[in-house]
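A.B. asks: The structure that follows is given in the form of structure tokens.
The values are calculated or read from the model by the stated rules, or taken from the named source; none is laboratory data. Owing to the predicted nature of the structure, the values given are computational and were not obtained by experimental measurement. Cβ coordinates were reconstructed from backbone atoms using ideal geometry, including for glycine residues, and neighbour counts include every protein chain displayed.
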Amino acid sequence: MVLAILRGEQTANEIASQYGVHPVLISRWKQTVLENLPELFEDKRQKIDRTQYNEKEERIERLEKIIGQRDYELDWLKKKLSIFGNTPKASPGRPKRT
């Protein structure tokens, strides 16, 4: 109904009589559609703030670099510790019994 009135193929009275509704109702529907039509085509997705995105990417890169450095240091320490022989490890949180 609304598309027919928007296309202008028929008058509101013709459409109203065809579908059995009051012409005023057809006019209200048309007005509502025309008022809200721009909202149908709005982009409602969240806009990306490029500066904020770049800052987060840089932070992730820094943190990944720190993690890599810590892994390297840990491997180095394990290697140096193995030079002194295989020392038994105590359970975490419990003292080793001798």
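A.B. asks: Please work out which residue is nearest to ILE15 (Cα to Cα), limiting yourself to the range 28-52 and to residues that are exposed (fewer than 10 other Cβ atoms within 10 Å of the Cβ) and of a type outside the set (D, E, K, R).
C.D. replies: Looking at residues that are exposed (fewer than 10 other Cβ atoms within 10 Å of the Cβ) and of a type outside the set (D, E, K, R), I get ASN36.
A.B. asks: Determine, yes or no, whether LYS80 is farther than 30 Å from ASN13 by Cα, at pLDDT 85 or above and assigned to a helix (DSSP H, G or I).
C.D. replies: Details: farther than 30 Å from ASN13 by Cα: yes; at pLDDT 85 or above: yes; assigned to a helix (DSSP H, G or I): yes.
Yes.
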